[in-house]
Amino acid sequence: MAWWQQLIPRERLALVLAAISILLLLVYQLIWQPLQQDLQRAESQRVRLQADYLWMQQASQQIKAYGAQPRSSQNKSPRRSLLVEVDDSLKRAGMGSALEEIKPDGNKLLRVFLKNVDFDQVIAWLGYLKKQDVHVTSSVIDRLQQTSKADIRLTFERKEGSP
């Protein structure tokens with residue numbers, strides 16, 4: 001404290017102003033700036049998630065619309081196994097390269113994982129399967145950065161009374 005008393009008032013003022021400046025700089029660097037960066041990150045994530053949510057709502061409506069279409073009883077071929085029907089129709093739809101995994105789940109269910117697939121193609125393919133009495137019992141759709149691409153997990157079953 002004796003050192004402080006030996007300083008002239010102008011030096012004391014300069015040291016007090018320097019200390020206040022350093023304190024303000026530390027508050028800005030350690031508190032304010034990180035807080036602002038976190039807020040910006042949270043806002044951009046909110047915008048991205050909102051866009052994903054809107055896209056999923058639209059996708060859900062498209063899936064429901066295809067499910068509501070009347071089935072055509074014309075040109076019905078003999079029934080094949082669920083695995084064969086789904087696998088063959090997937091390849092005919094031009095999405096065979098997107099097939100990551102296909103596996104039976106018990107006697108009545110079939111799980112399919114499509115990676116980096118065009119969503120509109122999947123909707124058309126699901127419309128075809130619906131006409132074959134193959135129905136989606138669950139779906140998980142992860143939208144990719146490209147507008148119409150997605151990773152899709154589907155579980156299928158054939159309606160009772162259908163082979």
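The values are calculated or read from the model by the stated rules, or taken from the named source; none is laboratory data. No experiment lies behind these values; they were computed from the predicted model shown. Note: ideal-geometry Cβ built from the backbone for every residue, glycine included; neighbour counts use all protein chains shown. Quick note on the areas: whole protein, heavy atoms, side chains included, nothing else; ligands and nucleic acids left out. Shrake-Rupley method; radii C 1.70, N 1.55, O 1.52, S 1.80 Å.
Among the candidates Glu11, Glu43, the residue that is open to solvent by less than 90 Å² (accessible area, probe 1.4 Å), charged (D, E, K, R), under 30 Å from Val140 (Cβ atoms) and out of contact with any His (no Cβ under 7 Å at 6 or more places or on another chain) is uniquely Glu43.
Identify all residues within the range 23-40 that are among the β-branched types (Val, Ile, Thr) and open to solvent by 90 Å² or more (accessible area, probe 1.4 Å); write none if there are none.
Kept after step one, since they are among the β-branched types (Val, Ile, Thr), are these residues of the range 23-40: 27, 31.
Across the range 23-40, the qualifying residue is only Ile31.
Number of residues in the range 113-140 that are of a type in the set (Val, Ile, Thr), touching a residue at least 60 places away in the same chain (Cβ under 8 Å) and open to solvent by less than 30 Å² (accessible area, probe 1.4 Å): the value is 1. For the range 54-70, the count of residues that are more than 26 Å from Ala150 (Cβ to Cβ) and either open to solvent by 80 Å² or more (accessible area, probe 1.4 Å) or modelled with pLDDT under 90 (or both) is at least one.
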